[in-house]
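The values are calculated or read from the model by the stated rules, or taken from the named source; none is laboratory data. Given the structure is predicted, the values throughout are model-derived calculations rather than measurements. Ideal geometry is used to build each Cβ from the backbone, glycine not excepted, and the neighbour counts take in all protein chains shown.
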Amino acid sequence: MSNTLTLNGAVCTFTPGETILDVARRNHVDIPTLCHLKDTVPTGACRMCLVEVKGARALVASCAAPAGPGMEIETESQRVVRSRKMNLELLLASGSHDCLLCPASGDCTLQALAFRYGAGGTRFARRRPAHAPDASNPFLIRDFSKCILCGRCVQACKEVQVNGAIDYGYRGAATKIVTRNDLPLGQSDCVFCGECLQVCPVGAIALADARKKPRQCDMTAVRSTCAYCGVGCQVDLHVRDNVVHMVTGADAAPNHGSLCVKGRFGYEFIRSPERLTAPLVRRDGELVPATWEEALDVVAERLGQVKAQHGADAVGVLTSARCTNEENYLIQKFARAVVGTNNVDHCARL
Ligand code: SF4
Ligand code: SF4
Ligand code: SF4
């Protein structure tokens, strides 16, 4: 039998090894997910991606089920929609989901799915104990009352950043995401990369100063390149009124969404009044502002004097991981081809 199946009546081909969810996404069929995290092992934890496969006794978790030849799959059948709605109601009832006050409102997958499937939170009694929020991390607040235990933060920490600072802890209704020995995050193995913040589909992990900023849905994302090192991570700067309020990792090479603590949280320098805005030239022992022409003339004159008196190898060029690869290429070219020395080094070891 050829590698084809039907998805909502349409014939689709698949490659062996693809899941039903992979095939659906490739064919622009929207199967909702909460726990699924690209490039990690599927957990099937949230049950939101259940679909109906003809002949199967139960609904099938499409994120974990391999596509098979001849499958007839319905992604929005009555049975599927009923199951998703009840699942959403249980998730909403399991915590405290006061969207009006939540920093994730407008960017919350649970909120969006509750709207899509008309799910409210009143039919079921609250099942889980209230855990106090953890504000011990300087960058993040963890609000367990909004946690739906999807596990994306655990996978991001363990499988993407390979830090393993958090995992599931306790049992049954008391289950929560914990650090080693359930220490506050600020005293744990956490390296503050913020990967968990980026992947959390709800408001359970939020920026510590979220209330002082516009919500993410009220900002414009501007693609840029992180300026901290030579890796060239792609970032989205979330901007409102010409101010960067937040940075997220862009899903593009080389970082595919990941960032380190500097790239994600170290953006306050952008508006620092201490930033240099013009070259400085030392005159009579004092650094004074100059034009680029004046500054470059001084550099050319001094380098020329040193080379004339002591030879080209008396000059060394130290460049920076905070420049682009192209700038670093140019500066070594300048050292070798213009000055005539191979004395080039680079502070790659920040
Ligand atoms: S986590 Fe989502 S559903 Fe819950 S309160 Fe926040 S916006 Fe609403
Ligand atoms: S900030 Fe990074 S290291 Fe800390 S818990 Fe989140 S993913 Fe893990
Ligand atoms: S903190 Fe967020 S990502 Fe982690 S399990 Fe809870 S809802 Fe999922």
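Key figures for this structure:
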| read-out | value |
| --- | --- |
| Check on residue 203, surrounded by 15 or more Cβ atoms within 10 Å (Cβ to Cβ), modelled with pLDDT under 95 and of a type in the set (Gly, Ala, Ser) | no |
| Qualifying residue in the stretch 99-106 (condition: closer than 30 Å to residue 254 by Cβ, part of a loop (DSSP other than H, G, I, E, B), in contact with a strand residue (DSSP E or B) (Cβ under 9 Å, 6 or more places away or on another chain) and free of Cβ contacts under 8 Å to residues at least 40 places away in the same chain) | no |
| Answer residue from the stretch 174-187, given it is modelled with pLDDT of 95 or more and touching a helix residue (DSSP H, G or I) at 6+ places or on another chain (Cβ under 8 Å) and is nearest to ligand 3 (Cβ to nearest atom) among those | 177 |
| Flag for residue 216 being surrounded by 13 or more Cβ atoms within 10 Å (Cβ to Cβ) and polar (S, T, N, Q) | yes |
| Tabulated pairs, the stretch 328-344, first part of a loop (DSSP other than H, G, I, E, B), second at pLDDT 95 or above and surrounded by fewer than 13 Cβ atoms within 10 Å (Cβ to Cβ), C-beta under 9 angstrom, 6+ apart or interchain | 340/311; 340/313; 341/311; 341/313; 341/316; 342/313; 343/313; 343/316 |
| The stretch 39-62 - residue that is β-branched (Val, Ile, Thr) and part of a strand (DSSP E or B) and, of those, farthest from residue 83 (Cα to Cα) | 53 |
| Answer residue from the stretch 149-171, given it is more than 8 Å from ligand 3 (Cβ to nearest atom) and on the phi > 0 side of the Ramachandran plot and is surrounded by the fewest Cβ atoms within 10 Å (Cβ to Cβ) among those | 162 |
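For every residue, the table says whether it meets (1) under 30 Å from residue 343 (Cβ atoms); (2) buried (at least 17 other Cβ atoms within 10 Å of the Cβ).
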residue	(1), (2)
220	no, no
235	no, yes
260	no, yes
291	yes, no
